[in-house]
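Take a look at the structure below.
The values are calculated or read from the model by the stated rules, or taken from the named source; none is laboratory data. These figures come from a predicted structure and were not determined experimentally. Cβ atoms come from the backbone with ideal geometry, glycine included; neighbour counts cover every protein chain shown. For accessibility, only protein heavy atoms count, side chains too; no ligands or nucleic acids. Shrake-Rupley method; radii C 1.70, N 1.55, O 1.52, S 1.80 Å.
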Amino acid sequence: MRQQGDGMFDDAFESSVSELREVRSEAALFEFLKRLIARYGLQHAVYHAITLPTVQQANPVTILTYPAQWVERYVGQNYFSVDPVISASATSLLPVDWAELDRRGPGAKQVFDEAAEFGIGPHGLSFPIRGVSGERALFTITSGVADAEWARLKHAYLRDFHVLSHLIHDRVLGFERSENTILRSLSARERQCLCWAAMGKTNKEIARELDISERVVRAYFESARFKLNCTNRAHLISRAFNLRLIDPEIASGRTTIYAEAV
């Protein structure tokens, strides 16, 4: 949960969430990622869809700001097979901090050494994404700041990009799915926020119930509003009821809402 008085990157987060609503293509997402890393003082960002629900091929979408020479080197040397970021992210549900990775395996040290030569690191966080339709993706940010500065900033990056990585993934799903499937299922957190809102709870009260920050609550509402093509919160709640995405009994208070992990 966001700590009291921790306002680092608040403007960057709000601007990024707002801009994502207007991203409607992979080209636009690439331009967004460039603005995102500048806004947060990062070196690079990568979105990599490993599987998507409506696409048969593996690794259907990769959008990154890495230098082309490094991408060619990485692919040409098949570093996928030895990169500890990839192996750790494949089995983790939590963000992967590059500093905690074992780099002693065959080829692992070489990957990081060469990445440094291309200006990729040395610091990084990778956020595994598991979707409701079985899709998998990975979002990564990297930084070249000094160790002490990275230690100071890392908590804020973890907080913001845990949310932003999933919002970016939702945008990619929007690119890949046809218009008649835009009404896809809401995430567990989005449903919870809608349920509490249907009971008349404010953002502050919802944040307290779910043990998250108010701005993350707002981000979930913005994501749900986009998914259901709604203009405001009242429209969003009404549409969610009509689509049976939330139980009508919630409004009467007869249904208990249990908190789930993000």
At a 1.4 Å probe, what is the % contribution of carbon and sulfur to the accessible area of region 34-172?
-> 56
How much area per residue is accessible in region 108-179 when the probe is 1.4 Å and only protein heavy atoms are counted (Å²)?
-> 38
Excluding residues fewer than 8 places away in the same chain, name every one of the lysines whose C-alpha is closer than 28 Å to that of LYS201.
-> LYS227
To the nearest Å², the heavy-atom accessible area per residue of region 1-68 with 1.4 Å probe amounts to 51
Within the chain, what's the longest run with no trypsin sites (Lys or Arg not before Pro) in a DSSP loop and at most 15 other beta-carbon atoms within 10 Å? Give the range, please.
-> 105-243
For the chain: relative contact order, % (alpha-carbon pairs under 8 angstrom, 6 or more apart) | 18
Find the Cα radius of gyration of the chain, compare it with 2.2 N^0.38 Å by division, and give the number to two decimals.
-> 1.06
